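The values are calculated or read from the model by the stated rules, or taken from the named source; none is laboratory data. In this text the structure is predicted, and so the values were computed from the model without any measurement. Glycine also receives a Cβ, built like all others from the backbone with ideal geometry; neighbour counts cover every protein chain displayed.
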């Protein structure tokens, strides 16, 4: 019954989305304006129904109801609680239901909380949101029904892919989806504003918090996903340029550009048409990403299944939504008035440069990700990996970050070059010192990471410069937010550059009792023993590690064997120190009784994710600061 | 009139940036994209030594051997038509085994041995990289 109730809830939500769309259509075109009063409640109830459907799916997983096909295919009764719970979205159908749930929740959130947008634009926005939802409900109901029954019921489930059996699964996909799909609000706002021809600062101020929320979630999701891949896959890498990673990076790049251009629109009434374009592009990238991941057209860890019908279904949805929005944009962009002007040397100028470079990087990642699809259609197979992506995006990202250091030091509208040079003197000096230090102490570093460290040092100093001579307690939240986020970029960049230039690797076949060195550590291979977990067995090595004269500590990497489905995984053991991580992996035994050990010393690698966290925190501070400031302004107006 | 002018300039700059990005991507992709070959195709196409490619096939039965250092592994990849010797230094993926699909990333050396920097195997019992699946279908090794 639970499965049927879930399916019914999904159908009801589908019907409500249709109702929402029709209400907006009739209310806005005819003289039936009274219909619009029902739009907000319908959007909220629609959100509740999808959440109910999603909760029921989780319940089915928790009960291990093997008469439901999805549960039987992806779960197992002996699985720990958390993986039964999170396993609900560790598969195609469940993750699509999560996707749609976030979409409907985002719409419900706008219906509940958005008070500043002009009413016609808000209605058009909710209509657009419902229209997007319709397509994805249809995809779920007709091509990916998560509640389908299995007859006869399976005696036992086939289990969850062991690579996914990690606490990361409970956290990473939901945060990522909140960001990814949360961008649908920006898309719908843009469509709404194009329909009512209402693109201006008020629209930008209304849209900004929603973009910020989605962007913060997306940033957390990507950062968490990167760390998860780093420790779970046992390859010691933190970014693989896997199509699925690119699928989350592309919306992030577009959303980051949008976040900056929407500020120009809100503050200075500039970049009107461009901001609307970016809002459309950002969620379009989310949909393209969904297509890449869910259609299984690309080889990837995340490709659960290859199913051509699903691929063409999503492709059709893409064509309708992206094509429709672009067509609307083409028709209406002429009626969007020019914004106010600015000098090339100004805050706006720097933000335009930011937007252009982010767009260029987005374009490069997009082409690299899709190139294998294009060539496959032409009859030959290629794979595009780190050599391409690092080569083309690295240098541009460096320029972008350098401009990011200077941008906040510029005045709005018009500034002079000379004072800017003065303001940048100290950061440039710091960069120069970093350059000399690196050339002296690490002469063999590659050029790109070397430049990365040099730029990061100067940009870190420039990032905090906006706080100079300010009363820190009275500095508004959004200034703090910007400073911390920009500093986070520099911190993250130091981590990336240090990891790529200073990592030490030792790969050996070791006998029990032997010692190996990696970087400043001496690692002794003490013993190996079998152990058992809730649904796996493992061989666990005991490594005793000493750094210099320090206190010894123990690391225990494992090679795990799962029975359902039968799979082996490597569980790396990682020791985190202030200045980096020691990463150890246990490999296979050879004929002479030696065990393969892979040891990495990765100096400062943790800064990558610390920086990611700072970027997200900056977004959050900025959001809180904006909301508080506006509430205060609102109160002041009310009392006046 | 001036505002319109600035807007036009910005639009042109944006267009130029995107065209530039596309051109950059095209030229970089030509050099950096790794072509995918099955052992038979690689033999036929006579891939030049040093060119980065991906080689996908089945790990030949009885071909896996280790060098005395314990961390270098040698095996042969086959697609039923041809067989290529592969050398790899590192820890092979968990699902790497005889008679099972694998993709090796790397390049041929002068002697015709494929030196892999990375080995990809299918991720679980149900999953096979589409690239391998496609080639296996062609040679009839997999239904």
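Checking A:464, A:479, A:459 one by one, the residue that is touching a residue at least 60 places away in the same chain (Cβ under 8 Å) and either part of a helix (DSSP H, G or I) or out of contact with any helix residue (DSSP H, G or I) (no Cβ under 7 Å at 6 or more places or on another chain) (or both) is A:479 and no other. Summed over the range A:477-506, the residues that are at pLDDT below 90 and under 19 Å from residue A:588 (Cβ atoms) give a count of 0. Scanning the range A:1-21 for residues that are more than 30 Å from the chain's Cα centre (by Cα), surrounded by fewer than 17 Cβ atoms within 10 Å (Cβ to Cβ) and within 21 Å of residue A:58 (Cβ to Cβ) yields a count of 5.
It is to be established whether one or more residues within the range A:349-363 are more than 22 Å from residue A:257 (Cα to Cα), out of contact with any strand residue (DSSP E or B) (no Cβ under 7 Å at 6 or more places or on another chain) and more than 10 Å from chain B (Cβ to nearest Cβ). Steps first, please.
Pass one, the range A:349-363, residues more than 22 Å from residue A:257 (Cα to Cα): none.
No, the range A:349-363 contains no residue that is more than 22 Å from residue A:257 (Cα to Cα), out of contact with any strand residue (DSSP E or B) (no Cβ under 7 Å at 6 or more places or on another chain) and more than 10 Å from chain B (Cβ to nearest Cβ).
Regarding the range A:116-123, can at least one residue be identified that is on the phi < 0 side of the Ramachandran plot and within 21 Å of the chain's Cα centre (by Cα)? No, that holds for no residue. Determine if the range A:613-623 includes at least one residue that is surrounded by 21 or more Cβ atoms within 10 Å (Cβ to Cβ) and either assigned by TED's automatic domain parsing to the domain that holds residue A:531 or assigned to a strand (DSSP E or B) (or both). The answer is no; no qualifying residue exists.
Quick grid of which residues meet (1) farther than 25 Å from residue A:450 by Cβ; (2) within 14 Å of another protein chain (Cβ to nearest Cβ); (3) under 31 Å from the mean Cα position of the chain (by Cα); (4) exposed (fewer than 13 other Cβ atoms within 10 Å of the Cβ):
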{"site": "A:379", "(1), (2), (3), (4)": "yes, yes, no, yes"}
{"site": "A:389", "(1), (2), (3), (4)": "no, yes, yes, no"}
{"site": "A:393", "(1), (2), (3), (4)": "no, yes, yes, no"}
{"site": "A:398", "(1), (2), (3), (4)": "no, no, yes, no"}
{"site": "A:403", "(1), (2), (3), (4)": "no, yes, yes, no"}
{"site": "A:408", "(1), (2), (3), (4)": "yes, no, yes, no"}
{"site": "A:420", "(1), (2), (3), (4)": "yes, no, no, no"}
{"site": "A:423", "(1), (2), (3), (4)": "yes, no, no, no"}
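Only residues that are away from chain A (no Cβ under 11 Å), crowded, with 18+ Cβ neighbours inside 10 Å and either free of Cβ contacts under 8 Å to residues at least 60 places away in the same chain or more than 25 Å from residue A:242 (Cβ to Cβ) (or both) were counted across the range B:56-66, and they come to 2.
Within the span defined as the range A:458-472, every residue fails to be under 30 Å from residue B:72 (Cβ atoms) and modelled with pLDDT under 90. Of the residues making up the range A:596-640, those that are more than 23 Å from residue A:486 (Cα to Cα) and in contact with a strand residue (DSSP E or B) (Cβ under 9 Å, 6 or more places away or on another chain) are A:596, A:597, A:598, A:599, A:600, A:601, A:602. Name the residue that is farthest from residue B:113 (Cα to Cα), counting only residues in the range B:77-89 that are more than 16 Å from the chain's Cα centre (by Cα) and either free of Cβ contacts under 8 Å to residues at least 60 places away in the same chain or outside the structural domain of residue B:105 (by TED's automatic domain parsing) (or both). Per the criteria, the residue is B:81.
Among residues belonging to the range A:575-605 that are within 31 Å of the chain's Cα centre (by Cα) and surrounded by fewer than 19 Cβ atoms within 10 Å (Cβ to Cβ), point out the one that is nearest to the other protein chains (Cβ to nearest Cβ). Outline the logic, then answer.
Step one: list which residues in the range A:575-605 are within 31 Å of the chain's Cα centre (by Cα), which gives A:575-586, A:598-605.
Those left that are additionally surrounded by fewer than 19 Cβ atoms within 10 Å (Cβ to Cβ): A:575-579.
On the way: A:575: 19, A:576: 22, A:577: 24, A:578: 28, A:579: 26 Å.
Ranking the qualifying residues of the range A:575-605, first place goes to A:575.
Filtering the range A:549-569 for residues that are within 27 Å of the chain's Cα centre (by Cα) and touching a residue at least 24 places away in the same chain (Cβ under 8 Å) leaves a non-empty set. Restricting the range B:1-45 to residues that are surrounded by fewer than 13 Cβ atoms within 10 Å (Cβ to Cβ) and under 17 Å from residue B:106 (Cβ atoms), the residue that is farthest from the other protein chains (Cβ to nearest Cβ) is B:45. Taken over the range B:72-92, the criterion of being at the interface with chain A (Cβ under 9 Å from one of its Cβ atoms) and at pLDDT below 85 is satisfied by B:91, B:92.
The set of residues in the range B:93-103 that are within 13 Å of residue B:54 (Cα to Cα) and away from chain A (no Cβ under 12 Å) contains only B:102.
Residue under question is residue A:635, and the condition is that it be in contact (Cβ under 8 Å) with a residue 24 or more places away in the chain and surrounded by fewer than 21 Cβ atoms within 10 Å (Cβ to Cβ); does it hold? Reasoning before the result, please.
Details: in contact (Cβ under 8 Å) with a residue 24 or more places away in the chain: no; surrounded by fewer than 21 Cβ atoms within 10 Å (Cβ to Cβ): yes.
Answer is no for this residue.
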